[in-house]
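The numbers here are math on the coordinates, done by the rules we state, and not lab data. No experiment lies behind these values; they were computed from the predicted model shown. Cβ placement follows ideal geometry from the backbone for every residue including glycine, while neighbour counts extend to all protein chains displayed.
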Amino acid sequence: MFQSSPANPLTEVIKELLSNAPMPASEFMALALYHPEHGYYRRGISQWGFDGKDYYTALDLGPLLGEAIAIRLHKTWLELDRPDIFTVMEQGAGRGWLGRDLLKATSGDFSKVIRYIHCDDSPIAKQEAIRSLEPWLNSGQAQIKNQDDKCDAFVGAVISNELFDALPAQPWCWNGEQWKREVIVSLNEGGTALTRWEAADPGEAGDWFGLHAQGGLQPDDGSIWVESLPDILKNICEPMQRGLFLAIDYGDSASKLIAKRAGLRRYLKHQTDGRWWDCPGNSDLTADVDLTRLTYLLERHGLQTQKYSTLGHWVCANAPLAQWETEWQRFPSRERVARKQNLMQLTLPSAMGDRFKVVQAFKISNVGIS
């Protein structure tokens, strides 16, 4: 059972809108997460972590993800012939912990040329990022921007950790004759709601699902569709003239998501269920990322993609595991154990190792769709 949450004024906002017409699930998700005053990511409340929080990320488990990414960024810098300035732009950067960890891990000439841009619209995220990134903000190596702020052209990398799963997504279902989308009809106090599937034109989504349904569409096949994804990727990728795109998220191929009829999930107090309509503004809503579509759109924007991999495989392929083990021998016992646990959490299939995927792509020139 979920613990009850204090009432959020967003409930009344949504009820007023529903008095006019049913609301697609994607519009509900957009309001629940991003309403300017009452949305989950716009409130002045920190949601990351363990006790009393809603969810944790790989960054709560230790610094190794940041250290592994720093190694990959250094390799990219060398591949780009050591540019004088190497800019790392992180979208949905949250508390700034990934930026802090990777900046701490850089050394030598690379540490002198790296610049980090923290992009996030959450007020509480910015406050925490100011503390996390203080040394680099003071030195001018880091800056904090809103996600929609225009960035100057740069060479370097675009990175994200659990960004794309938080984009408003619409569940669709094929009943054998027509497409239907999930909508909310009414919302009441106490977490009760009336939802239904109504016939609608899926547009491009229908063609995509039909193309990627293994063995052709079957009744009850369906998946989620993020309408805003092309525009968001354009805004993210356009400023980077050359460099690496690296995204860590949970998701799967289009065909697998269609087969399991992927939908929306709610996270509250480290528990999850499918009651996406419950506690709007007070709980996190997410959806699996269609990794097939993500890589397809990256290619349309002129990036050369690699086949996505599990987080566990990516860490093992990029991190200097033997070197780390040698270095950890000099650490106090408690810290050495914490590092080993951090590595297991990132790599074990039963932990984050298989659940999370890594999408990598490389841009060698600024060409792509307009």
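Computed values, structure above
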| read-out | value |
| --- | --- |
| Relative contact order for the chain, counting Cα pairs under 8 Å that sit 6 or more residues apart, in percent | 20 percent |
| Chain lengthening between residue 199 and residue 326 when straightened (0.36 nm per residue, less Cα-Cα) | 39.7 nm |
| For 258, 85, 248, order by how many other beta-carbon atoms lie within 10 Å, fewest first | 85, 248, 258 |
| Bins of 5 Å, starting at 0 and running to the largest distance - Cα pair percent for the stretch 270-329 | 4, 12, 13, 11, 13, 12, 15, 13, 6, 2 |
| The chain, dipole about Cα centre (Lys/Arg Cβ +1, Asp/Glu Cβ -1), debye to the nearest 20 | 1080 debye |
| Least to most buried among 16, 327 (fewest other Cβ within 10 Å first) | 16, 327 |
| Directionally averaged shadow of the chain, computed from the convex hull of its alpha-carbon atoms, nm² | 19.4 nm² |
| Radius 15 Å from Cβ of residue 297, net charge of other residues (Lys, Arg +1; Asp, Glu -1) | -4 |
| 16 Å Cα-Cα reach of residue 112 towards lysines, excluding residues that sit fewer than 8 places from it in its own chain | 75, 104 |
| Sequence-distant residues sharing a close amide H with residue 121 (under 5 Å, placed H) | 147 |
| Phi to ³J(HN,Hα) by Karplus 6.51 cos²θ - 1.76 cosθ + 1.60 over the stretch 202-216, Hz, x for Gly, Pro | x, x, 4, 4, x, 5, 5, 4, x, 5, 9, 6, 5, x, x |
| Directionally averaged projected area (convex hull, Cα atoms, the stretch 63-148), nm² | 5.3 nm² |
| Stokes-Einstein D for the stretch 97-254, Kirkwood Rh over Cα pairs, 37 °C, 0.692 mPa s (µm²/s) | 172 µm²/s |
| Proximal aspartates and glutamates relative to residue 126, as straight alpha-carbon distance under 16 Å, when same-chain residues fewer than 8 apart are discounted | 37, 90, 134, 148, 149 |
| Taking the C-alpha atoms of the stretch 227-267, convex hull volume expressed per residue in Å³ | 122 Å³ |
| Chain lengthening between residue 130 and residue 192 when straightened (0.36 nm per residue, less Cα-Cα) | 18.4 nm |
| Whole-number D in µm² s⁻¹ for the stretch 110-199, Kirkwood Cα-pair radius fed into Stokes-Einstein, 37 °C, 0.692 mPa s | 188 µm²/s |
| Isotropically averaged projected area of the stretch 5-106, using the convex hull of Cα atoms (one quarter of hull area), nm² | 9.4 nm² |
| Potential extension, residue 241-residue 350 segment - 0.36 nm per residue separation minus Cα distance | 35.4 nm |
| Net charge contributed by nearby residues that have their C-beta within less than 9 Å of residue 113 (K/R +1, D/E -1) | +1 |
| Sum of side-chain charges, residue 100 neighbourhood, beta-carbon under 10 Å (Lys, Arg +1; Asp, Glu -1) | +1 |
| Relative contact order %, the stretch 140-269, counting alpha carbon pairs below 8 Å whose residues are six or more apart | 37 percent |
| The chain, helix-only ellipticity at 222 nm - DSSP H runs n ≥ 4, -39,500 (n - 2.57), divided by all residues, nearest 500 | -10000 deg cm²/dmol |
| Neighbour-count order for 172, 328, fewest beta carbons within 10 angstrom listed first | 328, 172 |
| Tensor-based shape of the stretch 272-370 (alpha-carbon gyration tensor, a/c under 1.5 rounded, otherwise prolate or oblate) | oblate |
| Positive dipole terminus of the stretch 120-252, leading residue within 225, 168, 243 (C-beta point charges) | 243 |
| Sequence-distant residues sharing a close amide H with residue 186 (under 5 Å, placed H) | 194 |
